[in-house]
């Protein structure tokens, strides 16, 4: 019967069960405070601390044999704001062939990323290297490049040219 127990141990077990259920519900909404977690621990009630950060390994992948890889990035502090770009070209063994940085003045993040690609391609051209792979972390630009009908990249580059960024 609810509220009536055969022994103190049965009552304690039931209370611990309900505390564990409440702790699990709280963890779905927010992290338990260290004070609450300590109380549950002292009562030998297992609780999983929610929202723990997952660590994941991020690695760089070498280009396919016979190619070089251009990694670029652009950044802007504010929209628009002081901006810069940089990149590195590595061979199929991961050895650095060239690197570059450039201060861009006042631009947006997207413009800085596009200009990083342009600067990287200029360095690549000077190297006279073989086939090229390139990576950038701008989801906007990656999506532009994936659209087969998209003339948006060319449009953006044309606008850069119109602003005198050659």
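What follows is calculated from the coordinates using simple rules that are stated; it is not laboratory data. Note that the structure is predicted; figures quoted are calculated from it, not measured. Don't worry about glycine lacking a Cβ; one is built from the backbone with ideal geometry, like all the others, and counts go over all protein chains shown.
See the values below:
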item: Stokes-Einstein D for region 67-162, Kirkwood Rh over Cα pairs, 4 °C, 1.567 mPa s (µm²/s); result: 94
item: Two-site FRET efficiency, residue 18 against residue 59, from Cβ-Cβ distance with R₀ of 35 Å, rounded to 0.05; result: 0.15
